[in-house]
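The values are calculated or read from the model by the stated rules, or taken from the named source; none is laboratory data. Source: prediction; values computed, not measured. When we count neighbours, we look across all protein chains shown, and the Cβ atoms used for this are built from the backbone with ideal geometry, even at glycine.
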Amino acid sequence: MASACELLPLEKDQIRQWLGAHGTPQQVALRCRIILGAAEGQSDGTIAGRLSVNRKTVILWRTRFCEKRLDALWEIAPGRGRKPTYSTDKVAAIVEATLQTKPEGMTHWSCRTMAGSQGISKSTVNTIWQAHNLKPHRVENFKLSRDPRFLEKMTDVIGLYLNPPEKAIVLCVDEKSQIQALDRTQPGLPIKKGRCGTMTHDYKRNGTTTLFAALEILEGKVIGQCYPRHRNQEFLKFLRMIDKEFPGKVPLHLVMDNYGTHKHANVRAWLTRHPRFVLHFVPTSSSWLNLVERWFGELDAKAIRRGVFRSVEELKTSIAAFLTAWNKTPRPYVWTATVDAITEKLSRCRQTLEKIQPGCTGPRTRKPKQGAEKKKAPK
């Protein structure tokens with residue numbers, strides 16, 4: 001009978017943790033069970049019979065563990081494992097074809113078209129693409145801002161997020177225009193076990209509304225009001241609503257985009273009479289800097305996109321209900337990206353774009369205002 005293989009408490013805990021993990025390879029799990037059996041004093045034959053392996057396998061891993069301890073359980077000897085069906089040159093050719101070419105008459109490769117072109121199976125193409133993180137079927141949208149004051153405006157807005165001023169309120173303000181009240185042409189079926197809910201692909205338009213909203217960044221509460229249009233008159237009504245919601249003389253810092261309504265002469269005149277309103281404009285083509293856009297995404301996904309509205313009033317009622325539910329348990333959005341991190345990423349994007357289309361550049365970079373780059377998130 002073989003001598004027991006002594007395990008330290010930390011080693012035993014680590015082995016049991018590997019056995020309980022879903023991502024542990026089966027060969028490693030088998031070796032762990034062999035070592036646990038040996039630690040309990042079981043013979044090689046008993047362990048081999050219980051685990052349905054050869055007795056020599058048990059002896060091999062008992063010996064390796066005594067020599068190298070836990071590191072031995074994850075080692076793979078040279079020459080072991082299944083030999084690759086295709087050479088590295090073949091795999092490199094498939095990756096190169098995916099990145100540098102397109103199928104005839106098409107915009108991108110699919111597993112089947114690439115498999116037919118390379119004379120391999122579509123599952124092999126899928127495996128290679130997954131290994132190299134290639135997704136030809138997906139595309140992401142982007143737009144580089146050309147605002148000459150891009151860095152200055154971005155630094156100003158991010159400074160508000162990471163280090164908001166004391167005794168002041170920061171609000172992210174914008175309008176979600178042309179929200180459609182859509183009614184489906186036929187009733188949909190409700191969700192049930194084994195089947196998702198259904199909805200017809202066609203619809204009937206019953207009018208539109210525009211939602212003006214202001215997100216308070218510290219608590220996450222949202223003030224909103226629907227109007228039939230989004231002119232300077234409606235925006236002034238919404239500013240007056242904000243003025244009533246936050247009474248007193250506390251300064252109100254408003255983060256907004258560059259829409260013409262926000263800079264109308266009537267709006268500027270009203271703001272002159274109400275100096276506690278301080279405007280901060282995000283750079284052009286940079287709506288991602290306005291946190292209320294993130295809330296608009298929540299509204300669209302949870303209250304509008306799958307809704308059925310027979311009139312504009314029903315749509316407005318649904319929006320109001322979502323606002324009420326949100327403000328019962330508001331969740332603030334926490335901004336974490338720094339100016340330096342964003343600038344570095346945009347610099348890489350401009351370099352890539354310049355290679356594809358020479359002469360196409362992003363915003364001109366300027367030095368930020370004195371002290372702006374020193375703003376950090378409060379500890």
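Structural remarks
- Every condition in (1) surrounded by 15 or more Cβ atoms within 10 Å (Cβ to Cβ); (2) modelled with pLDDT under 80; (3) not hydroxyl-bearing (Ser, Thr, Tyr) is met by residue 30 except one, and the failing one is (2).
Conditions tested, residue by residue: (1) at pLDDT below 95; (2) closer than 21 Å to residue 298 by Cα; (3) of a type in the set (Ser, Thr, Tyr); (4) in a loop (DSSP other than H, G, I, E, B).
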{"position": "152", "(1), (2), (3), (4)": "yes, no, no, no"}
{"position": "165", "(1), (2), (3), (4)": "yes, no, no, yes"}
{"position": "189", "(1), (2), (3), (4)": "yes, no, no, yes"}
{"position": "201", "(1), (2), (3), (4)": "yes, no, no, yes"}
{"position": "212", "(1), (2), (3), (4)": "no, yes, no, no"}
{"position": "226", "(1), (2), (3), (4)": "no, yes, no, no"}
{"position": "250", "(1), (2), (3), (4)": "yes, no, no, yes"}
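- Checked against (1) surrounded by fewer than 15 Cβ atoms within 10 Å (Cβ to Cβ); (2) touching a Cys at 6+ places or on another chain (Cβ under 7 Å), residue 93 passes all but condition (2).
- Scanning the range 318-329 turns up no residue that is farther than 19 Å from residue 224 by Cβ and either surrounded by 14 or more Cβ atoms within 10 Å (Cβ to Cβ) or at pLDDT below 95 (or both).
- Some residue of the range 195-202 being touching a Ser or Thr at 6+ places or on another chain (Cβ under 8 Å), farther than 30 Å from residue 84 by Cα and in contact (Cβ under 8 Å) with a residue 12 or more places away in the chain: yes
- If you go through the range 45-84 and keep only what is modelled with pLDDT of 80 or more, surrounded by fewer than 13 Cβ atoms within 10 Å (Cβ to Cβ) and part of a loop (DSSP other than H, G, I, E, B), you end up with 52, 54.
- The set of residues from the range 169-201 being touching a strand residue (DSSP E or B) at 6+ places or on another chain (Cβ under 8 Å), surrounded by fewer than 21 Cβ atoms within 10 Å (Cβ to Cβ) and small (Gly, Ala, Ser) comprises just one member, 177.
- Identity of the residue in the range 9-27, among the hydrophobic types (A, V, I, L, M, F, W, C) and within 19 Å of residue 50 (Cα to Cα), that ends up surrounded by the most Cβ atoms within 10 Å (Cβ to Cβ): 15
- For the residues 174, 183, the requirement of being farther than 29 Å from residue 216 by Cα and not in a helix (DSSP H, G or I) singles out 183.
- Neighbours by Cβ (under 6 Å, 6+ apart or cross-chain): first from the range 117-130, farther than 13 Å from residue 90 by Cβ; second basic (Lys, Arg): 122/112
- When residue 89 is tested against (1) under 30 Å from residue 124 (Cβ atoms); (2) modelled with pLDDT under 80; (3) acidic (Asp, Glu), exactly one condition is not met: (2).
- Members of the range 256-283 found to be touching a Phe, Trp or Tyr at 6+ places or on another chain (Cβ under 8 Å) and not in a helix (DSSP H, G or I), listed by number: 256, 257, 258, 264, 283
- Test result for residue 133, modelled with pLDDT under 95, under 24 Å from the mean Cα position of the chain (by Cα), surrounded by fewer than 13 Cβ atoms within 10 Å (Cβ to Cβ) and closer than 16 Å to residue 96 by Cα: yes
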